[in-house]
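Below you'll find the structure, written out as structure tokens, and then a few comments.
Any read-out appearing in this document is the output of simple, stated calculations on the displayed coordinates, not a laboratory observation. What you are looking at is a predicted structure, and each value in this text was computed from that prediction instead of being measured. Methodologically, a virtual Cβ is constructed for each residue, glycine included, from the backbone with ideal geometry; neighbour enumeration extends over all protein chains shown.
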Amino acid sequence: MVQWIRSYETILTWLTAASVVVFIASFMLVPFLIIRIPPDYFAAGKNHKKLRADHHPVIRGALVIARNMLGCIFLVAGIFMLVLPGQGVLTIFAGIMLLDFRGKHRLERWIVSRRPVLQSINWIRRRAGRAPLTLEG
């Protein structure tokens, strides 16, 4: 095992550094992003306008590609962080939220509707003076 670690020391060092950076970034960004979610974003039957719809088709395509690439990077990094130091599960969820795929909003709504998740989100929103998230439309 020690020999294997020594042979991949550089890669493991970079992965550890990346996991520390993602941990710190998530620690700061997650509350900021949670308080920016509209209170009715996860309400049943609510259809939110995508911000990319107003951009030129080339810019919109570039944004979709960049966002999906970042989502894939986060997803892979999160999988690695399951065995390395860092917030693996949180990074996997961040990657999923960045990806565009059919049924994504339903998956997000299912995750947020879990009682501990919704209570944690609403606790952060309450401390920031924001209205709690509602799931009913």
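Some values worked out for this structure:
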{"quantity": "CD proxy at 222 nm, helix term only [per DSSP H run n ≥ 4: -39500 (n - 2.57); per residue of the chain; nearest 500]", "calculated": "-22000 deg cm²/dmol"}
{"quantity": "Relative exposure of Phe80, Phe42, judged by other C-beta atoms within 10 Å (fewest first)", "calculated": "Phe80, Phe42"}
{"quantity": "Contour minus Cα-Cα distance for Arg67 and Phe80 (0.36 nm per residue)", "calculated": "2.7 nm"}
{"quantity": "Folded to 0 to 90 degrees: helix 88-98 orientation relative to the chain principal axis, Cα", "calculated": "50 degrees"}
{"quantity": "Gain in span if fully extended, Thr10 to Arg36, counting 0.36 nm per residue against the direct Cα distance", "calculated": "5.6 nm"}
{"quantity": "Residues Asp54, Asp100, sorted so that the one with the fewest Cβ neighbours within 10 Å comes first", "calculated": "Asp54, Asp100"}
{"quantity": "Positive-end residue, the chain charge dipole about Cα centroid, Cβ charges, pick of Ile59, Gly78, Ala44", "calculated": "Ala44"}
{"quantity": "Fewest-first sequence of Val89, Val112 by Cβ atoms within 10 Å of each Cβ", "calculated": "Val89, Val112"}
